[in-house]
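The values are calculated or read from the model by the stated rules, or taken from the named source; none is laboratory data. This is a predicted model, so every value here is computed, not measured. Cβ sites come from the backbone with ideal geometry, for glycine too, and all protein chains shown count toward neighbours. For the accessible areas, the whole protein counts, side chains as well, though only heavy atoms, and no ligand, DNA or RNA atoms are used. Shrake-Rupley method; radii C 1.70, N 1.55, O 1.52, S 1.80 Å.
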Amino acid sequence: MTVVTRFAPSPSGFLHIGGARTALYNWLFAKHHAEYGSGGRFLLRIEDTDRKRFTEEAVNAITDGLSWLGLEWDGDAVSQFSHAQRHAEVARQLLAEDKAYKCFCTPEELREMRQAARQEGRSKLYDGRWRDRDPAEAPEGAEPTIRLKMPQGGETVIEDLVQGPVTVANDELDDMVLLRADGTPTYMLAVVVDDHDAGVTHVIRGDDHLTNAFRQAQLFLTLGWDLPAFAHIPLIHGPDGAKLSKRHGALGVDAYRDQGFLPEALCNYLLRLGWSHGDNEIISRDQAIEWFGLDAVGRAAARFDTDKLTSLNGHYIRQAGDAKLIDLIMPSLTESLNGNLADDTAGRLEKGMAGLKERAKTLIELSENAEIYATTRPLALDEKASRLLQDDGREHLGLLRPRLEALGEWNLKGLEKATRDYAESAEIKLGKAAQPLRAALTGRTVSPGIFEVMEILGRDETLGRLDDALSGINKL
RNA sequence: GUCCCCUUCGUCUAGCGGCCUAGGACAUCGGCCUCUCACGCCGAAAACACGGGUUCGAGUCCCGUAGGGGACGCCA
């Protein structure tokens, strides 16, 4: 049997980080069955039943986010709203079969009912007052909603693939609205019909839908349709343990992209957040497809930890190809230097990327660190660097400079030897010479190996930057 | 409030009755490497929420308690 999963976000304006994980799990589950089972498809459906929320940009935000993460869906993204006719038909059919009924309650009545229920400690809100009432008693001109006749007595059991069997007494379930007074379908009706029509076999979604599953299961049953398998994955919480919300900061995957995270890192992190395969931490896409299964999904909510994501990101940056990284940082590099890039920037970055990427945990950092190769003279010095260029620091530079200039071949080995020889003759530690060099050549106190930097910068640029520092013409 | 779910180091987790004096990863703290920072390597501190059972034996099974979370819309 071919497995069919689906990701069904509502257009909220961005791809929520929790939604991203849900999408990832659905995608992996389908891919796993496609490659190691008897087939798998991953569908994307936009839950735009509530037209008030719908905008084209909101839909684009979701598809862009999924594409960035590399989670391609099968077929076209489907609009749930476009199936409204079909949903209404199903509701009318239920009505004709006496499995649903018209409810003429006013919003005020409903509000009172809810209040009373709460006061009396009942969770069943709607009392079903129109269930057996003659529609002839309806108030003049009132447009009814269509409600489903839920079973009275007994219980509903969901065999959840993650949570295990979950049971609720049917008396806790009230008759839910299928069709609104204006004739549009509710989410409850729409998901069930769409999942059935699309042949969805596995509904993998957030834990917050678990209680909905009871109601939806009853709808499937009264429609005489096969129940899909349900898998409710725990939610992602903020560092404080509450459901991730705006006050926790970055919610959309686009925010993480902007902060310099790689999609590979985010996927790896999200995968590991709530799912495990023994002690494995770094898991490639292919490996994930092979290993992924619902049985290894945890049942407790997990807190989002940016530190771990960052660490993973550092790993994926180190592993990424130099050319790819250069492409990724070029825009921000150009921007931060106001478009004034040194002529040989590309060449220097190609040589220097290996040393650069080892020291960056985000693309933002990488870009900032790469400025030393792209910037033009005279360099700006940060505070600590300018302090290194006072007094004996500058003195050493002045004495070292001729030794460097005299070098026949300008390469790492020779540069290092010349500097070491100088340090020895001056009876100072290498660092006493290397740090002022770093300050003069990069404007900073932290950088890749300084002899590497000198080699990449080349003789002219290195000597030039040295002279700038010696004459003190750097910007602060 | 009602219903549902959850509970191993600070965080993510391994553990599916004896292999656990509870393992890994991130973070933290030491140390090594070293021209700085990072990487890498070595090491330390750090957890089975509590109480009852079941069993020869429980982190692992059952029941309570406590704590946390989620759902209670003509939103999705």
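Below is a table of values for the structure above.
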| quantity | calculated |
| --- | --- |
| R0 of 56 Å, Cβ-Cβ distance A:ASN212-A:LYS324: FRET efficiency to nearest 0.05 | 0.85 |
| Over segment A:53-117, equivalent-ellipsoid semi-axes from the Cα gyration tensor in Å | 37, 20, 10 |
| Whole-percent carbon and sulfur share, accessible surface of segment A:356-467, 1.4 Å | 47 percent |
| Positive dipole terminus of chain A, leading residue within A:GLY278, A:THR145, A:LEU71 (C-beta point charges) | A:GLY278 |
| Local electrostatic count, A:GLY278, Cβ distance below 15 Å [Lys/Arg +1, Asp/Glu -1] | -3 |
| Debye, to nearest 20: dipole size of chain A, +1 on Lys, Arg Cβ, -1 on Asp, Glu Cβ | 800 debye |
| Radius 9 Å from Cβ of A:LEU15, net charge of other residues (Lys, Arg +1; Asp, Glu -1) | -2 |
| Radius 12 Å from Cβ of A:HIS33, net charge of other residues (Lys, Arg +1; Asp, Glu -1) | 0 |
| Percent of beta bridges antiparallel (DSSP, chain A, rounded to nearest 5) | 50 percent |
| Accessible surface of segment A:116-156, 1.4 Å probe, proportion on carbon and sulfur as whole % | 43 percent |
| Rounded to the nearest 20 debye, dipole of segment A:163-227 from Cβ charges on Lys, Arg, Asp, Glu | 80 debye |
| Globularity ratio of chain A, using Cα Rg and 2.2 N^0.38 Å | 1.38 |
| Fraction of antiparallel bridges per DSSP, segment A:158-236 only, in percent to nearest 5 | 45 percent |
| Beta bridges per DSSP with both ends in segment A:38-165, % antiparallel, nearest 5 | 75 percent |
| Per residue solvent-accessible surface (Å²) - chain A, probe of 1.4 Å | 48 Å² |
| Portion, in percent, of the accessible area of segment A:165-278 that falls on carbon or sulfur, probe 1.4 Å | 54 percent |
